[in-house]
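The values are calculated or read from the model by the stated rules, or taken from the named source; none is laboratory data. The model shown is predicted, which means the values in this text are computed figures rather than measured ones. Counting neighbours? That spans all protein chains shown, and the Cβs are built from the backbone with ideal geometry, glycine included. Just the protein is used for accessible areas: all its heavy atoms, side chains included, with ligands, DNA and RNA removed. Shrake-Rupley method; radii C 1.70, N 1.55, O 1.52, S 1.80 Å.
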Amino acid sequence: MDTHHATSHDLLHDETYVPLLYSPLPDHPVPAGAPALGQRRPLKVFAVTLASLMFLASMVALVIHQSPQTPETVDNDGPSMEWEGRGVAQGVSEKSFLGFSGRRLSYNWTTAMFAWQRTAFHFQPEKNWMNDPDGPLFHMGWYHLFYQYNPDSAVWGNITWGHAVSRDMIHWLYLPLAMVPDRWFDLNGVWTGSATILPNGQIIMLYTGDTNDSVQVQNLAYPANLSDPLLLHWIKYENNPVMVPPAGIASDDFRDPTTMWVGADGNWRVAVGSLVNTTGIVLVFQTTNFTDFEQLDGVLHGVPGTGMWECVDFYPVSINGVYGLDTSAHGPGIKHVLKASMDDNRHDYYALGEYDPMTDTWTPDDPELDVGIGLRLDYGKYYASKTFYDQVKKRRILYGWISEGDIESDDLKKGWASLQSMPRTVLHDNKTGTHLLLWPIEEVESLRTNSTEFEDVLLEPGSVVPLDIGSASQLDIVAEFEVDNETLEAMVEADVIYNCSTSAGAAGRGALGPFGILVLADDTLSELTPIYFYIAKDTDGSYKTFFCTDLSRSSLAVDDVDQRIYGSIVPVLDDEKPTMRVLVDHSIVEGFSQGGRSCITTRVYPTEAIYGAARLFLFNNATGVNVTASIKIWEMASADIHPYPLDQP
């Protein structure tokens, strides 16, 4: 059939233009005129050759003038794993769970246990594998979420784009697949991408395709019909790819384009993650028509020793405001966030800094808190995150992929794997000036039902206090703790070298911690997941407060599940008390401290503390201080998540 070739004018100026749908290619033949295996389109190679030579020269300077750095080791989540999962050979991050015991045994899970693990108000497909969030956006009354999806199995592979819509990002409707790997330029996978909404309302989707020859390229797609609120059909640009790996960049180290922004010259910019030697970098390309891209000189930023940067995100935040900003915003009172997902350790790091639109470079405010060596968006199981600007409510929203913490054979038995985090708003932390504040979207509060409040509960050293709220599998918890100030001031020194991940967890007693809550615990405490604070005091009188989640006793299925201890230092300022908010939704627990200054997301797989047997406790396992706790708990209703009734008028 005839296929219309989109022109620059079509994309930029014609709001009513509706191109024809592409037809899936039977048996995936390579179209006539497509490059041979391993080759590039000559026109596009020529366009990047000179820029690539200049880029390589700048990279030499970058590596020479920056001393090698290693990721921060305050909390390293324990020992590294000894085996690789699927996805590594394809040149992407390990898009699968990690083995924990190395033995890969299987607990005798029951159908009821597996059924309990499925969440009630977090987004996940009906079945099979999911990973990175893709191209989130708001269009004609609907929030759209695309996601990496395997329609055939509960393990990574055959990556397509799943699609769902929601009015509020809580209740979701599944839609048909948005894009499948059916062209030579994405035959091995329709990988991660981002959406950009142009001033005329047109939607540009750039995504990474893994070609028939396993080369990572950037491709263009756009809606077939902008007047369709559901955006059911997508057109892949016939002359894809629009970006190929520049000279000096490995064919499997070039992926995950960001949302675009407008540069100082009026041209659009897009960033792509990459790697030179062991230096993680961000390349920048510019375009005037979204079909022809030119690589700019140098790099946006790079940090030696951090490895491949994927799923890069780059956006502005207001340093004094309470609203999010459009991705193209710049000027006084604005910082820029640079975030990258570290392929080497599967964590999402970010830093605040200054973007120079004249040179298209970014500089961190604090080099010691640079990307890959400083702060993380979340100190638990949280990866491949992506933000978008919600133009209706003027806020920036963050999604993150939450992988499983069990073994692959269990995922195959239950028939699904992975979740998306609760969407979080993103704001600059005006009090510290160094952090972001990440907080569950306000819409989740619509699920709150019965509430119970306990005020000024005295927690003496070594105490565990049950909270009578009934079943505790779906909760929203807000808690505040006050440490006895007289004891705190009298303490000369306490646990100066404390670290969440290398500690004994909540069972390890110190003078000033741990204290907090026990979620998904049974009556006998044979299974429990502590979320807690731990205060360390130095001889100079200064304090460090740690926010931690301990999975070491979360499940009796010790050979099947993650049992690490997660956490980090969280700044608790002089006018603040240690506070936490915790969302419990069956097998996912999301913790937020100090208004979202530090976050920890974990996956929990109890065998006893499920259904009506799940309980909630307060505890103080410190040896030398009383703690007073005030806590409010809401039971949470389930979200309505089901297929969109497309067959109904």
Inset, instruction - Given the conditions (1) part of a loop (DSSP other than H, G, I, E, B); (2) open to solvent by less than 40 Å² (accessible area, probe 1.4 Å); (3) hydroxyl-bearing (Ser, Thr, Tyr), report the number of the one that Tyr399 does not fulfil. - result: (1)
Inset, instruction - Say whether the condition of being surrounded by 14 or more Cβ atoms within 10 Å (Cβ to Cβ), in a strand (DSSP E or B), within 32 Å of the chain's Cα centre (by Cα) and of a type in the set (A, V, I, L, M, F, W, C) is met by at least one residue in the stretch 444-462. - result: no
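Among Val284, Val242, Val272, which is the only one that is in contact with a strand residue (DSSP E or B) (Cβ under 9 Å, 6 or more places away or on another chain), open to solvent by less than 10 Å² (accessible area, probe 1.4 Å) and farther than 24 Å from Trp184 by Cβ?
On the way: Val242 fails: farther than 24 Å from Trp184 by Cβ; Val272 fails: farther than 24 Å from Trp184 by Cβ.
So the residue among Val284, Val242, Val272 that is in contact with a strand residue (DSSP E or B) (Cβ under 9 Å, 6 or more places away or on another chain), open to solvent by less than 10 Å² (accessible area, probe 1.4 Å) and farther than 24 Å from Trp184 by Cβ is Val284.
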Inset, instruction - Give just the number: which of (1) among the hydrophobic types (A, V, I, L, M, F, W, C); (2) touching a residue at least 40 places away in the same chain (Cβ under 8 Å); (3) in a loop (DSSP other than H, G, I, E, B); (4) over 23 Å from Trp439 (Cβ atoms) does Ile535 not satisfy? - result: (3)
Legend entry - Test for Asp344: is it in contact with a Gly (Cβ under 8 Å, 6 or more places away or on another chain), open to solvent by 50 Å² or more (accessible area, probe 1.4 Å) and closer than 26 Å to Arg564 by Cα: yes
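If a residue must be on the phi > 0 side of the Ramachandran plot and surrounded by fewer than 24 Cβ atoms within 10 Å (Cβ to Cβ), how many such residues does the stretch 178-214 contain? Can you show your working first?
Let us first name the residues in the stretch 178-214 that are on the phi > 0 side of the Ramachandran plot, namely 189, 201, 214.
Still in the list and also surrounded by fewer than 24 Cβ atoms within 10 Å (Cβ to Cβ): 201, 214.
Of the residues in that region, 2 qualify.
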Inset, instruction - Search the stretch 436-455 for residues that are free of Cβ contacts under 8 Å to residues at least 40 places away in the same chain and pair each with any residue that is open to solvent by less than 80 Å² (accessible area, probe 1.4 Å) and of a type in the set (Val, Ile, Thr) when their beta-carbon atoms are under 9 Å apart and the residues are at least 6 apart or on different chains. - result: Glu442/Thr425
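Residues that are crowded, with 18+ Cβ neighbours inside 10 Å and among the polar types (S, T, N, Q): does the stretch 628-642 have at least one?
No - not one qualifying residue is present in the stretch 628-642.
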Inset, instruction - Filter the stretch 151-177 for residues that are open to solvent by 10 Å² or more (accessible area, probe 1.4 Å) and either of a type in the set (A, V, I, L, M, F, W, C) or assigned to a strand (DSSP E or B) (or both) and give the result. - result: Val155, Trp156, Leu173, Tyr174, Leu175, Pro176, Leu177
Legend entry - Residue within the stretch 544-555 that is more than 26 Å from the chain's Cα centre (by Cα) and more than 22 Å from Arg581 (Cα to Cα) present: no
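Do you know which of the residues in the stretch 406-439 that are among the acidic types (Asp, Glu) and touching an Asp or Glu at 6+ places or on another chain (Cβ under 8 Å) is surrounded by the most Cβ atoms within 10 Å (Cβ to Cβ)?
Restricting attention to the stretch 406-439, the residues satisfying the condition of being among the acidic types (Asp, Glu) are 406, 408, 410-411, 429.
Narrowing further to those that are touching an Asp or Glu at 6+ places or on another chain (Cβ under 8 Å): 406, 410-411.
Details: Asp406: 27, Asp410: 22, Asp411: 22.
Of everything passing the filter in the stretch 406-439, Asp406 is surrounded by the most Cβ atoms within 10 Å (Cβ to Cβ).
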